[in-house]
1. Under a Cβ-only charge scheme (Lys and Arg +1, Asp and Glu -1), can you give me the dipole magnitude of region 176-227 about the Cα centre, in debye to the nearest 20?
2. Along the positive direction of the dipole of region 209-337 (beta-carbon charges: Lys, Arg +1; Asp, Glu -1; about the Cα centre), which of M237, N221, L306 reaches farthest?
3. Between N32, N102, N206, which gets the highest mean-square fluctuation from a Gaussian network model of the chain, Cα cutoff 10 Å?
4. If you bin the C-alpha pair distances of the chain every 10 Å from 0, what whole percents do you get?
5. For the chain, what's the relative contact order in percent, using C-alpha pairs closer than 8 Å and at least 6 residues apart?
6. So between Y284 and E300, what do we pick up on full extension, going 0.36 nm a residue minus the alpha carbon distance?
7. Run the quick spin-label model on T257 and Y38: label points 7 Å from Cα toward the beta carbon, then report their separation in nm to one decimal.
8. If the only charges are +1 at each Lys and Arg Cβ and -1 at each Asp and Glu Cβ, what is the size of the charge dipole of region 197-273 around the Cα centre, to the nearest 20 debye?
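Nothing in this text is a laboratory measurement; each read-out follows from the coordinates by a stated rule. As the structure is a prediction and not an experimental result, all values here were calculated from the model. Here Cβ is always computed from backbone atoms with ideal geometry, including for glycine, and neighbour counts include all displayed protein chains.
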Amino acid sequence: MKTYLVTGGAGFIGSNFVHYMLNKYEDIKLINFDKLTYAGNLENLKAVEGKANYVFVQGDICDKELVEGLFEKYDIDYVVNFAAESHVDRSIKMPEIFAQTNVLGTVTLLNAAKKAWEVNGSWKEGKKFLQVSTDEVYGSLGNTGYFTETTPLDPHSPYSSSKTGADLMVKAYADTYKMPVNITRCSNNYGPYQFPEKLIPLLINNCLNKRTLPVYGDGLNVRDWLYVEDHCKAIDMVINNGKLGEVYNVGGHNERTNIQIVKTVIAYLNESVDKEITEALIKYVEDRKGHDRRYGIDPEKIKNELGWYPETTFEVGIKKTIQWYLDNQEWMKHVTSGEYQNYYDKMYEGK
Ligand code: NAD
Ligand code: DAU
């Protein structure tokens with residue numbers, strides 16, 4: 001029985017991953033360690049609460065004692081590090097917490113894993129540290145080409161720079177101490193439980209509340225969208241079969257301009273709700289500072305080496321996602337109350 005330490009498992013991708021793994025495998029133990037910041041929500045995990053092979057622990061990945069205590073209490077085989085500050089706009093306003101959690105938190109986890117897994121200079125069998133990273137570490141593309149695993153790292157925002165710092169520390173632990181690691185770098189995810197500060201759930205929420213739909217700059221920045229479950233599948237495959245020390249890019253060749261995404265969400269929502277939602281809600285606003293123009297992943301390595309491929313087309317995924325938000329408006333109410341509402345009002349004041 002393998003024991004997984006999943007950090008950030010109460011967030012968007014982390015909670016989808018917890019569901020994915022506990023549905024797929026009966027013979028694993030999963031410890032979900034999460035600080036429960038504004039982005040972490042135990043409501044995402046109601047379906048697994050009380051399962052004998054699932055444990056939730058609240059805490060900060062920067063807390064050395066607490067993290068080391070987890071390795072003492074449980075015989076952890078795999079660390080899957082999702083825990084992070086994840087929103088680019090927030091990183092532009094408050095970079096410190098990104099450096100703290102994303103870089104120092106990752107180092108705290110690496111150290112605790114090293115302490116538990118390295119005995120007299122040798123590594124215990126079957127252990128692995130998987131760092132969940134992002135395509136944003138590669139910077140921005142022009143109109144052509146894709147990010148491969150050998151594309152030079154060239155991050156621009158405090159968020160992507162902090163994720164790059166974390167990746168480099170993971171690489172340093174592999175190169176220096178021979179720690180067993182993998183890094184995955186995925187494109188933009190969408191799906192259930194995504195916090196509505198991110199483009200797709202923000203659009204859905206604003207459409208339903210007749211708020212304006214803020215489009216940064218000219219709306220022609222391109223993102224490469226992947227349904228979250230396909231990302232979870234990739235991570236599972238990399239943990240189980242990824243070659244030690246390797247980086248794997250994850251993406252499904254599904255590029256869209258932001259304005260295409262906005263118009264698609266409006267069109268599909270109109271098929272599902274009574275009230276008419278019009279494109280008059282669209283408002284072009286000031287561009288994001290340092291806004292990366294285009295992301296596009298070349299997924300050939302993970303396809304060829306591990307047989308991964310995305311199962312959900314964008315048309316199916318976006319309809320499922322919209323339906324999930326329509327069915328879970330109470331969830332939306334809870335996560336958009338309090339601190340988020342204050343943040344949102346400040347971000348969009350005057351826009
Ligand atoms: P999220 O913001 O929805 O969730 C982050 C989770 O981490 C939350 O549950 C939060 O409470 C927890 N957390 C934050 N700081 C913590 C700390 N100090 N200690 C413990 N827990 C902490 O993020 P997400 O979108 O689910 O992203 C998860 C990971 O995947 C991140 O590392 C992100 O960089 C990466 N990633 C995200 C995407 C995407 O499109 N969302 C794409 C590629 C990679
Ligand atoms: O590429 C992977 C990354 O995708 C992850 O590493 C990040 O954690 C995740 O947040 C996401 O980053 P982006 O900045 O691409 O996602 P976001 O949803 O914030 O924005 C998507 C695009 O939409 C981007 O070009 C900015 C634009 N945008 C966003 C918001 C919130 C708007 O035009 N209006 C908005 O209101």
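1. The dipole of region 176-227 has a size of about 140 debye.
2. Ranked along the dipole, the leading option is N221.
3. Of the options given, N206 has the highest mean-square fluctuation.
4. 5, 25, 36, 24, 8, 1, 0
5. 18
6. Numbers: separation 16, 0.36 × 16 = 5.76 nm, distance 3.57 nm.
Taking Y284 through E300 to full extension adds about 2.2 nm, to one decimal.
7. 3.1
8. So the dipole magnitude of region 197-273 works out to roughly 260 debye.
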